[in-house]
1. Looking only at the stretch 34-66, count how many residues are part of a strand (DSSP E or B) and hydroxyl-bearing (Ser, Thr, Tyr).
2. Would you check which residues across the stretch 33-64 are surrounded by 12 or more Cβ atoms within 10 Å (Cβ to Cβ) and touching a Gly at 6+ places or on another chain (Cβ under 7 Å) and list them?
3. Would you confirm whether or not the stretch 67-85 contains a residue that is in a strand (DSSP E or B), surrounded by 12 or more Cβ atoms within 10 Å (Cβ to Cβ) and of a type in the set (D, E, K, R)?
4. For the stretch 35-68, how many residues meet the condition of being touching a strand residue (DSSP E or B) at 6+ places or on another chain (Cβ under 6 Å) and touching a residue at least 24 places away in the same chain (Cβ under 8 Å)?
5. Please specify each residue of the stretch 9-36 satisfying the condition of being of a type in the set (S, T, N, Q) and within 11 Å of residue 76 (Cβ to Cβ).
6. Can you name the number of the only condition in (1) more than 17 Å from residue 82 (Cα to Cα); (2) in a strand (DSSP E or B); (3) touching a residue at least 40 places away in the same chain (Cβ under 8 Å) that residue 11 fails?
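No lab work stands behind these numbers, since they all come straight from the coordinates. Here the structure is a predicted model, which is why all the values come from computation and not from measurement. Don't worry about glycine lacking a Cβ; one is built from the backbone with ideal geometry, like all the others, and counts go over all protein chains shown.
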Amino acid sequence: MGAKIKKGDLVQVITGSDRGKQGKILKVFPEAQRVLVEGVNRVTKHTKAGQTESGSTTGGIEVVEAPMHVSNVAVVDPETKKPTRVGFREETVEKNGVSKTVRVRYAKASGKDL
């Protein structure tokens, strides 16, 4: 079955401490059912101090995005800018004289293609 959420989609967090925030999907981890959303679920990470080849020091405290479960986000409808469910429909596309059936993702609220 095709993925309902893909890299580059605009999603909104529907539950948790970041509820209501919107961001783009940076990375999808399908085997763990998790997604990395830009600017959402930020955690503090302590990295060990070290040196680069040029001699500058690295390490310290960084704030980075952490993966969150795919069920905690919903795709944003391109028309209403509100969260919506994703549906699939099959369309016949003709290219170079050859007809082919393609699965297309669409927003269930407005019917627009994603």
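1. Within the stretch 34-66, the subset part of a strand (DSSP E or B) is 34-37, 42-51, 57-65.
Next, only the ones that are hydroxyl-bearing (Ser, Thr, Tyr) stay: 44, 47, 57-58.
Number satisfying all stated conditions: 4.
2. Hits for the stretch 33-64 are 37, 38, 39, 40.
3. Taking the stretch 67-85 first, the residues in a strand (DSSP E or B) are 68-69, 73-76, 83-84.
Of the ones still in play, those that are also surrounded by 12 or more Cβ atoms within 10 Å (Cβ to Cβ) are 68-69, 73-76, 83-84.
From the residues that got through so far, the ones that are of a type in the set (D, E, K, R) too are none.
Within the stretch 67-85, not a single residue is in a strand (DSSP E or B), surrounded by 12 or more Cβ atoms within 10 Å (Cβ to Cβ) and of a type in the set (D, E, K, R).
4. 11
5. So in the stretch 9-36, the residues of a type in the set (S, T, N, Q) come out as 12, 15, 17, 22, 33.
12, 22 - these are the residues of the stretch 9-36 that are of a type in the set (S, T, N, Q) and within 11 Å of residue 76 (Cβ to Cβ).
6. The failed condition is (1).
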